[in-house]
Amino acid sequence: MYLENLKEQIKKLSQLRNLLDRHKSCSIEEIHQLERELNLLLPESLTEFLLWIGNGSWYFDQDNCRISDITKNHRRAIQIMKTGNSVDQLPKDSIVFICHQGGDAFTFVRSSEGENPPVHFYQDMENSDRIQWNHANTIENYFLRDVVQLIKTYENSP
């Protein structure tokens, strides 16, 4: 529904890299358990994403975005902002669905911003101690930028 283009592009990238298009979905029960832990309802687009790859995927695993990572990601995000002396605070309705490798950046959506919310980003680095609001207008578009660039790279390589 929300991620059809992304799913197609990941399939294409898998074919270009001669990889099986394997993803380990999570169950709706795992989604409900996460919602209870967070005391928040997940937006439909994030639910769709987790039902697709919530327990692993060759492409997404490097970013700690499995369903089992999300509760830990929230705690990491607060620590990243505290360590970086951020002037912003993580909103209470944030769902940190990615903590990037290196441990100094994270990506989140807010449960109050609809079923297909914008994606926000924070990175602890010099001269950048603020949340980048509306970093991408949807979860799908957030991932598509990198996936489409990788596809172009593989299509243009010998």
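Within the set Asn64, Asn55, Asn134, Asn73, the sole residue that is touching a Ser or Thr at 6+ places or on another chain (Cβ under 7 Å), of a type in the set (S, T, N, Q) and without any contact (Cβ under 8 Å) to a residue 60 or more places away in the chain turns out to be Asn55. Can you find a residue that is at pLDDT below 90 and small (Gly, Ala, Ser) anywhere in region 61-83? Checking region 61-83: not a single residue is at pLDDT below 90 and small (Gly, Ala, Ser). Number of residues in region 52-64 that are open to solvent by less than 30 Å² (accessible area, probe 1.4 Å) and outside any helix (DSSP H, G or I) equals 5. For region 103-158, the tally of residues that are surrounded by 13 or more Cβ atoms within 10 Å (Cβ to Cβ), under 28 Å from Lys12 (Cβ atoms) and either of a type in the set (Gly, Ala, Ser) or within 14 Å of the chain's Cα centre (by Cα) (or both) stands at 21. Lys92 meets all of the listed conditions (1) basic (Lys, Arg); (2) in contact with a strand residue (DSSP E or B) (Cβ under 8 Å, 6 or more places away or on another chain); (3) assigned to a loop (DSSP other than H, G, I, E, B) but one, namely (2). Within region 4-51, the set of residues being in a helix (DSSP H, G or I), open to solvent by 70 Å² or more (accessible area, probe 1.4 Å) and either in contact with a strand residue (DSSP E or B) (Cβ under 9 Å, 6 or more places away or on another chain) or within 21 Å of Arg145 (Cβ to Cβ) (or both) comprises Glu4, Asn5, Glu8, Lys11, Lys12, Gln15.
The values are calculated or read from the model by the stated rules, or taken from the named source; none is laboratory data. Note that the structure is a prediction, hence the values are computed from the model and not measured. Please note: Cβ atoms are built from the backbone with ideal geometry, for glycine as well, and neighbour counts cover all protein chains shown. Side chains included, ligands, DNA and RNA excluded: accessible areas come from the protein's heavy atoms. Shrake-Rupley method; radii C 1.70, N 1.55, O 1.52, S 1.80 Å.
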